[in-house]
1. Do you know which of the residues in region 51-85 that are assigned to a loop (DSSP other than H, G, I, E, B) and among the hydrophobic types (A, V, I, L, M, F, W, C) is most open to solvent (accessible area, probe 1.4 Å)?
2. Considering only residues that are closer than 14 Å to residue 78 by Cβ and either part of a helix (DSSP H, G or I) or among the small types (Gly, Ala, Ser) (or both), which ones fall in region 1-45?
3. Which one of these does residue 48 not meet: (1) of a type in the set (A, V, I, L, M, F, W, C); (2) part of a loop (DSSP other than H, G, I, E, B); (3) open to solvent by 60 Å² or more (accessible area, probe 1.4 Å)?
4. How about region 2-45: which of its residues are polar (S, T, N, Q) and either buried (at least 16 other Cβ atoms within 10 Å of the Cβ) or in contact (Cβ under 8 Å) with a residue 60 or more places away in the chain (or both)?
5. From the set of residues in region 1-19 that are within 11 Å of the chain's Cα centre (by Cα) and modelled with pLDDT under 95, which is nearest to residue 55 (Cα to Cα)?
Amino acid sequence: MKQFQYTIKDPAGLHARPAGLLVQEAQKFGCAVKLARGEKSADLKRLFAVMGMNVKCGETVEVTAQGDDETAAAQALEAFFQAHF
């Protein structure tokens, strides 16, 4: 299992357009990928689940990848967060 934390810097938070791109990025990998904030978590491959997290600017999320390609998934998703959020 690989995981990382990221604090959202985008003033709009985790909003629709980049969240859709994030889900597309997560879907490239076969491993299970979860997004967590506090006690809530969501499947990072499901847009409505991600949007339902309602992540705001300044909040810290944790991404967990577990499966065959977990290392590649965690690296790619962390780079995506840094580039878009």
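1. Filtering region 51-85 for residues assigned to a loop (DSSP other than H, G, I, E, B) gives 52-59, 67-69, 85.
Okay, now just the ones that are also among the hydrophobic types (A, V, I, L, M, F, W, C), so 53, 55, 57, 85.
Details: 53: 5, 55: 6, 57: 67, 85: 10 Å².
Step by step, filter region 51-85, then rank; the result is 57.
2. 22, 25, 26
3. (2)
4. Taking region 2-45 as the starting set, the residues that turn out to be polar (S, T, N, Q) are 3, 5, 7, 24, 27, 41.
Of everything in region 2-45, just one residue is polar (S, T, N, Q) and either buried (at least 16 other Cβ atoms within 10 Å of the Cβ) or in contact (Cβ under 8 Å) with a residue 60 or more places away in the chain (or both), namely 3.
5. 14
The values are calculated or read from the model by the stated rules, or taken from the named source; none is laboratory data. Here the structure is a predicted model, which is why all the values come from computation and not from measurement. Cβ: placed from backbone, ideal geometry, glycine included. Neighbour counts: every protein chain shown. Accessible surface is based on the protein model in full, side chains and every heavy atom, while ligands, DNA and RNA are left aside. Shrake-Rupley method; radii C 1.70, N 1.55, O 1.52, S 1.80 Å.
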